[in-house]
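As structure tokens, the structure follows; a few thoughts come after it.
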Amino acid sequence: MNDSNKQKLLVIESLAKNFGGIHAIKNFNLEVYSGDLIGIIGPNGAGKTALLNTITGFYRASSGKVIFNETDITYHPIHKIALLGMGRTFQNIRLFKRMSVIENVMVARKNYFENPIQFLFNRAQHLEQLDQSMDCLSMLKLADKANQSAASLSYGDARRLEIARALAGMPKMLLLDEPAAGMNETETKQLIEDIQIIRSKVDSVVLIEHDMNLIRSLCDRVVAMDFGQKICEGSAQEVLSHPEVMSAYLGVDEDEGNFS
Ligand SMILES: Nc1ncnc2c1ncn2[C@@H]1O[C@H](COP(=O)(O)OP(=O)(O)O)[C@@H](O)[C@H]1O
Ligand SMILES: [Mg+2]
């Protein structure tokens, strides 16, 4: 489809986020269309998480604009942005370990309702939510573990439960912060399959990742960042062979042989 026919789901205009003298994000521009699966790469400290935090309201932008589905969300609070259809995961696992797997999804789902009290005490609605939460678990192949405690999950399953939680609000856009971090090869392969399924259930996916195999397998478009700025944008092949991208990585860790 031609870009002009596709719906612009997210528009980021000249976004900046400063922490005192640190420019975590500088003059950042990006357009995400319905149907896109975009990868964001960059060395540690490049500003990837800060970008995701600013888009989703966890950080307040210093300047610039974030438009989501034609609404200016730049200074919206976190829960309003979630209600508008943005789901996210975190770089570090954030689960309620003493709760069961399904309860973790139910709790996340509650956050997407304007009236959580009604959600808790209306039995018919509760059952419907339970059903939909099970669907989220099924998407991540975790349905058979629904009643286990979250603490009993393997590392890979715990990371995938995080994604199920982010899907609980049936977001239009899903933002994943290093979903494959710490996963072994088998877990990463499984994750690639899961994300392929998820992309058909949401309008668009933006994922931050260091695993270049995952980036190559999944992303239609890749954005490389360094020092809070976009270095380049294009297909995975174009971006990963871009000299500035290579030197950004090599400048940080010469042993990081992720590009072959
Ligand atoms: N809450 C914060 N307070 C101060 N500095 C921050 C904060 N969050 C991020 N930074 C700084 O912003 C820069 C980008 O960090 P981050 O977005 O976490 O990088 P990445 O996710 O690409 O590894 C770093 O210099 C980091 O120290
Ligand atoms: Mg990060």
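The values are calculated or read from the model by the stated rules, or taken from the named source; none is laboratory data. Note that the structure is predicted; figures quoted are calculated from it, not measured. Virtual Cβ from ideal backbone geometry, glycine too; neighbours counted across all protein chains shown.
Side notes on the structure shown:
- The residues of the stretch 168-184 that are within 16 Å of ligand 1 (Cβ to nearest atom) and in a loop (DSSP other than H, G, I, E, B), listed by number, are Glu178, Pro179, Ala180, Ala181, Gly182.
- The condition of being assigned to a helix (DSSP H, G or I) and not assigned by TED's automatic domain parsing to the domain that holds Thr54 holds for Arg165.
- Out of Tyr33, Tyr59, sole residue that is in contact (Cβ under 8 Å) with a residue 24 or more places away in the chain, within 16 Å of ligand 2 (Cβ to nearest atom) and assigned by TED's automatic domain parsing to the domain that holds Ala181: Tyr59
- Elements of type strands (runs of 3 or more DSSP E) contained in the stretch 198-253, each with 1 or more residues being free of Cβ contacts under 8 Å to residues at least 24 places away in the same chain and within 23 Å of Ile55 (Cβ to Cβ): 229-234
- Some residue of the stretch 39-53 being hydroxyl-bearing (Ser, Thr, Tyr) and more than 27 Å from Leu240 (Cβ to Cβ): no
- With respect to (1) within 16 Å of ligand 1 (Cβ to nearest atom); (2) without any contact (Cβ under 8 Å) to a residue 24 or more places away in the chain, the lone exception for Asp72 is condition (1).
- The stretch 25-41 - residue that is touching a Lys or Arg at 6+ places or on another chain (Cβ under 8 Å) and within 15 Å of Leu15 (Cβ to Cβ) and, of those, surrounded by the fewest Cβ atoms within 10 Å (Cβ to Cβ): Asn29
- Residues satisfying the stated conditions in the stretch 138-162, i.e. among the polar types (S, T, N, Q) and not in a loop (DSSP other than H, G, I, E, B): Ser138, Ser149, Ser152
- Options Gly182, Gly228, Gly169; residue that is modelled with pLDDT under 95 and in contact with a Gly (Cβ under 8 Å, 6 or more places away or on another chain): Gly169
- Odd one out for Gln125, checked against (1) at pLDDT 95 or above; (2) more than 20 Å from Leu174 (Cβ to Cβ): (1)
- Flag for Glu103 being outside the structural domain of Gly234 (by TED's automatic domain parsing) and among the charged types (D, E, K, R): yes
- Filter pass, Leu51 being aliphatic (A, V, I, L, M) and more than 12 Å from ligand 1 (Cβ to nearest atom): no
- The stretch 231-252 - residue that is charged (D, E, K, R) and in contact with a strand residue (DSSP E or B) (Cβ under 6 Å, 6 or more places away or on another chain) and, of those, farthest from Gly45 (Cα to Cα): Glu233
- When the test is whether a residue is within 15 Å of ligand 1 (Cβ to nearest atom) and in contact (Cβ under 8 Å) with a residue 60 or more places away in the chain, Ala108 does not pass it.
- Among (1) assigned by TED's automatic domain parsing to the domain that holds Ile81; (2) at pLDDT 95 or above; (3) more than 16 Å from ligand 2 (Cβ to nearest atom) - the single one Leu175 does not satisfy: (3)
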